[in-house]
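Here the structure comes first, spelled out in structure tokens, and everything after it is commentary.
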Amino acid sequence: MLEFLRLSAERRIETVSIWGDEITKVGDADALAALRDYGLKVSGYNRIGPFVPECLSRAEAELERAARFGADHVFLFTGGFLEGERDLAAARQRAEVHIGSLLNMARQVGVKLALEPLHPMLAGDRALITSLTHANDLCDVLGHGIGVVVDVYHLWWDERLEVEVMRAGRAGRLLGFHVNDWLIPTRHLLADRGMMGDGVIDLPAIERMMRRAGFRGPVEVEIFSTDWWARDPAEVMDIALARCQRLFSEEPA
Ligand code: ZN
């Protein structure tokens with residue numbers, strides 16, 4: 001994590017998202033000091049979930065840590081079915097009730113929650129919220145303190161994407177924008193994301209959509225990929241920044 005922060009600062013990146021388990025490896029104090037010394041802002045804190053029964057008892061500490069790190073929002077990771085579950089509608093309802101409880105806690109701590117719909121192929125094992133429509137519907141019900149993150153990898157295929165991005169924008173709940181690319185073929189659902197420009201997503205069009213919807217936050221590069229993880233991190237960052245500059249109207253932050 002400390003190397004990631006250093007490399008980010010050297011490239012004049014202003015905002016990063018952080019992972020709780022990576023912070024634990026270096027310790028809260030060192031991670032906080034590095035963020036402060038480099039002058040980096042924190043966008044998203046990863047994450048609360050999966051929504052197993054003991055999740056709620058751990059959530060408050062995670063929310064408080066996210067607040068200490070000045071995170072703009074905390075990602076919710078619902079996970080998929082619990083052992084033996086087969087009723088998807090019931091599982092989604094279970095997740096919605098859980099999110100309601102987390103939102104009460106988050107409001108008290110003073111951090112926002114972020115729903116990031118994941119690709120429907122992950123519905124069984126990782127994500128009970130798999131469309132921006134569902135995420136928006138849920139935010140409408142729950143009220144303030146919760147918003148959505150648009151990740152092109154998970155949502156590029158959705159014929160309702162523009163309608164729902166605009167809807168989220170009107171409600172003032174667009175919290176984040178994650179970029180990468182969809183490779184053809186995709187060999188692994190979790191660890192074969194592409195570098196922006198290497199796949200089939202119309203990235204400039206989705207970025208324009210986000211800006212039209214009023215999103216003013218940073219473009220966040222998020223590439224889970226065994227290929228890119230195997231390369232030199234500094235080189236990967238330089239390539240990602242160059243691609244962002246080519247594809248997007250505003251500089252990535
Ligand atoms: Zn994402």
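With a/c under 1.5 counting as rounded, go ahead and sort the stretch 93-210 into rounded, prolate or oblate using the C-alpha gyration tensor (a ≥ b ≥ c being the square roots of the eigenvalues; past the cut-off, prolate if a/b is larger than b/c, else oblate). It comes out prolate by the Cα gyration axes. Shape class for the stretch 50-111, computed from the alpha carbon gyration tensor (a ≥ b ≥ c): prolate, with a/c not under 1.5 and a/b above b/c. Descending by average beta-carbon neighbour count within 10 Å, the peptides 230-243, 205-218 line up as 205-218, 230-243, the highest first. The smallest convex shape that holds all Cα atoms of the stretch 2-247, its convex hull, gives 129 Å³ per residue. Summed over the residues of the chain and divided among them, the accessible surface reaches 47 Å² per residue at a probe radius of 1.4 Å.
The alpha carbon centroids of the stretch 214-248 and the stretch 50-105 are separated by 28 Å.
Look at the dipole of the stretch 2-247 built from charges on Cβ: of A106, L56, V152, the Cα furthest out on the positive end belongs to A106.
Of all complete DSSP H helices in the chain, those with a Cα span along the helix axis of 18 Å or greater and a mean Kyte-Doolittle hydropathy of 0.0 or more are 88-109, 233-247.
Under a 5 Å amide H cut-off, with hydrogens placed 1.01 Å from N, L115 pairs with G147, V148, V149 among residues at least 5 apart or on other chains. A P(r) calculated from all alpha carbon pairs of the stretch 177-226, with 5 Å bins opening at zero, reads 5, 22, 27, 21, 14, 9, 3 percent. Per-residue accessible area (protein heavy atoms, 1.4 Å probe) orders K41, K25 as K25, K41, starting from the largest.
The values are calculated or read from the model by the stated rules, or taken from the named source; none is laboratory data. Owing to the predicted nature of the structure, the values given are computational and were not obtained by experimental measurement. Reconstructed Cβ throughout: ideal geometry from the backbone, glycine too, with neighbour counts over all protein chains shown. The protein model used for the area step is the full one, side chains on, heavy atoms only, and it has no ligands, DNA or RNA in it. Shrake-Rupley method; radii C 1.70, N 1.55, O 1.52, S 1.80 Å.
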